[in-house]
Amino acid sequence: MMGFEVSDSDSSVSIPKGSKGPIYILLYVDDLVITEADLPKIDHVKFQLLASFEMKDLGDLHYFLAIEVIHTPNGILLTQRHYVLNMLYKFGMTDCRSVTTPLDRNLKLCYDLRATCNKKRSRKIIRSLIYLTITRRDLSYLVGLISQFMQKPTTKHLQCAYRIHRYANGTKYRGLLYRHDITKQYVGYTDVDYAGNATDRCREEYASRYKNELKYCIQ
């Protein structure tokens, strides 16, 4: 339609046929975003859409799917401040005291069937943090860590989720800044520490064999 086709990477994104850009249409239910550096091209697409559909032009993008878009002199800032406030209100943590760190650096999480908790509430709290990582990449590892225990969450995992919420409360104005005057190279780092993973470093099917080998070495 209108010379656009759905992107192979994301079904909610439409791009011009035979091209990877530069104009994009993002559609989610009844919300639509058009992006392009050339404003006349955006106006042309909007005119075509208005001719076929009943639409309302809200102007520049400021809020989309719980993500705030703030236009600054240095670039575009994406934050989820309102999402954090709504999240804290939902779980009765509006007046919680903020913390300076999201988790204890020496914390080791594992399964403990004895320390049970409300699984339904724990999963809701952890899931709410997953969406927050869209603009808070500093929380990605931590949220991924506690998400590993969503099937059998314990009171310890729940307390960790609460602490991340308290940290988010004190840093709710943070987000992603896309600068328009600087071209940066993105670099990723990883620290593979199999020995420090007390949960997965030794699978149950090999545990007995390792125990026998260790006993044989001691003898």
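Apply 1/(1 + (r/R0)^6) to the Cβ-Cβ distance of Leu27 and Arg114, taking R0 = 41 Å, and write down the FRET efficiency to the nearest 0.05.
Details: r = 48 Å, r/R0 = 1.17.
It comes out at approximately 0.30.
Here Phe64 and Asn86 are evaluated by their C-beta separation; at R0 = 22 Å the FRET efficiency comes out at 0.90.
Each Lys and Arg contributes +1 and each Asp and Glu -1, all at the Cβ; summed about the Cα centre of the stretch 1-125, the dipole is approximately 1080 debye. Spacing of the modelled spin labels on Asp138 and Asp38, each 7 Å from Cα toward Cβ, amounts to 4.0 nm.
Across the stretch 4-59, Cα-Cα pairs farther apart than 18 Å form 30% of the total. Excluding Leu88 itself, what net charge comes from residues whose Cβ is under 10 Å from its Cβ, given Lys and Arg +1 and Asp and Glu -1? Charge balance near Leu88 sits at +2. Full extension of the chain between Leu107 and Tyr131 yields a length gain of 6.3 nm, computed as 0.36 nm times the residue separation minus the alpha carbon distance.
Once both labels are positioned 7 Å from their Cα atoms along Cα-to-Cβ, the gap between Thr100 and Leu145 label points is 1.8 nm.
Of the GluC sites (Glu not before Pro) found in the stretch 30-92, those that fall in a DSSP loop while having at most 15 other beta-carbon atoms within 10 Å are Glu54. With θ taken as phi - 60° and the Karplus curve 6.51 cos²θ - 1.76 cosθ + 1.60 applied, the whole-hertz 3J(HN,Hα) list for the stretch 157-164 is 5, 5, 5, 5, 5, 4, 5, 5 Hz, x standing for glycine and proline.
Placing pseudo-labels 7 Å out from each Cα toward the beta carbon at Lys56 and Asp181 gives an inter-label distance of 3.7 nm. List every residue whose amide H lies under 5 Å from the amide H of Ile67, counting only residues 5 or more places away in sequence or on a different chain, with H placed 1.01 Å from N in the peptide plane. Amide H to amide H, under 5 Å and 5 or more residues apart or across chains, Ile67 pairs with nothing. Our coupling estimate for the stretch 67-73, obtained by passing each phi through the Karplus curve with A = 6.51, B = -1.76, C = 1.60 and θ = phi - 60°, is 10, 8, 10, 10, 8, 10, x Hz, Gly and Pro reported as x. Working note: Karplus 6.51/-1.76/1.60 with θ = phi - 60° gives the stretch 79-89 the couplings 9, 10, 4, 5, 5, 4, 4, 5, 5, 5, 5 Hz, where Gly and Pro are set to x.
Readers should treat all values here as calculations from the given coordinates under stated rules, not as data from a laboratory. Model, not experiment: these values are computed from the prediction. Cβ atoms come from the backbone with ideal geometry, glycine included; neighbour counts cover every protein chain shown.
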